[in-house]
Every structure is written in C-alpha cells, then in structure tokens.
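The values are calculated or read from the model by the stated rules, or taken from the named source; none is laboratory data. Nothing here was measured: the structure is a model prediction, and the numbers come from that model. Heads up, the Cβs are rebuilt from the backbone with ideal geometry, glycines too, and the neighbour counts pull from every protein chain shown.
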C-alpha cells in the first residue's frame, strides 16, 4: 500500500510502541496523537505497528503535522493498517513484525501498553544493552513503565554494577510528547552520543 509521501527532512524514522486499546478521547490516545505531531514537526517519519489505539493516534498526529507515516503489519493479525498510514510493510509473522519495527527505527519511543508493548520495550532494551545493534536513542514517555524498568535496574545493579550503570543510560524518561521528540531530535542531530 503506497500513498503520496510528504518530505522527510531528517531522513530519520522513529518507531513508536504503544497499546492498541485506547480510543479517541482517551488520555493515552491523546498522548500518542501529540507524540506523533511532535515527532513529525521535527522532520521524523513516524513508524508503528499500524493498527488501532496508540498506533493509530501517533500516525494521525503525524499526519496532522504534515508528516510521513509508516506501518509494519503482519498477516498473523489479519487486520489492515489504519487510514493515516502512507506506506504499509506487510510481513508474515508476529516475530518478523517485531524485528522489522526495530530494524526500521533510528530511535524508539515506548508509550503505555500491555504485554505486546512490554515485549517490544524489552527487546529494544536488550538489543541495545547487549550491543546487538548500533546505539540508538530510546525514550519512555510518562511513568507507566517506570516501576518495571527500575526493578530490572535494581536486579542488574546488584549483580554487576558496571553493567547496570551502562544499562541505565540506554533508556531516557520524558514527561511528555514534546520532551520526547526534543530529546530524539537532539540525540539524532549528530551533536550528542547515545550511550549503550
């Protein structure tokens, strides 16, 4: 599925992870909409799983700001991409979709979500932590995932202080969408180094 593509000034793709459950009017839907708009206004292409909920909201927000959107969907789910997607990449399985979303990102944002988002967050975190991929900026919006992340960090630090310290630099917390987009813009501008 290909539609017209607005220019992508930065040439960078930000993959957004989040729940498929929120609907228009929900606080989490609004958060993702604002995030998509903030990312697009800084020239990023917004990539997501392409379905409903926060994926739809981020795509819709990006389009409202004149940005470009990309979705990675899977035959496994049978659903099609939401109507705010410019380009849909269709893969066969859930696993292929996950790693395609990771591979396409120049950076990542994790929003509130369920077990699917938790898996996505954990895979990106582990790949960065173990240096399976080049260091890329990773932002968590809000405090939804903070208890889980902090508990994992406690365990890491108790076993290997230096490894725990390195891991703690991988994830950046942002209070809101604007702060998340600004951090990613700064880290991907070439002026700052992402530590992994």
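Could you list, in sequence order, all residues of the range 115-151 that are in a helix (DSSP H, G or I) and more than 30 Å from residue 190 (Cβ to Cβ)?
The answer is 115, 116, 118, 119, 147, 148, 150, 151.
Taking the residues in the range 70-85 that are in contact with a helix residue (DSSP H, G or I) (Cβ under 8 Å, 6 or more places away or on another chain) and in a loop (DSSP other than H, G, I, E, B) as candidates, determine which candidate is nearest to residue 100 (Cα to Cα).
Among those residues, the one meeting the criterion is 85.
Take the conditions in a helix (DSSP H, G or I), out of contact with any helix residue (DSSP H, G or I) (no Cβ under 9 Å at 6 or more places or on another chain), within 24 Å of residue 12 (Cβ to Cβ) and free of Cβ contacts under 8 Å to residues at least 24 places away in the same chain and apply them to residue 100. Does it pass?
When the stated conditions are applied, residue 100 does not pass them.
Does the range 43-65 contain at least one residue that is at pLDDT below 95, in a loop (DSSP other than H, G, I, E, B), closer than 18 Å to residue 138 by Cα and over 13 Å from the mean Cα position of the chain (by Cα)?
No; the residues of the range 43-65 include none that is at pLDDT below 95, in a loop (DSSP other than H, G, I, E, B), closer than 18 Å to residue 138 by Cα and over 13 Å from the mean Cα position of the chain (by Cα).
Please work out which residue is nearest to residue 58 (Cα to Cα), limiting yourself to the range 141-167 and to residues that are surrounded by 15 or more Cβ atoms within 10 Å (Cβ to Cβ) and at pLDDT below 80.
That would be 167.
Please verify whether residue 94 is over 15 Å from the mean Cα position of the chain (by Cα) and buried (at least 17 other Cβ atoms within 10 Å of the Cβ), treating the condition exactly as stated.
Answer is no for this residue.
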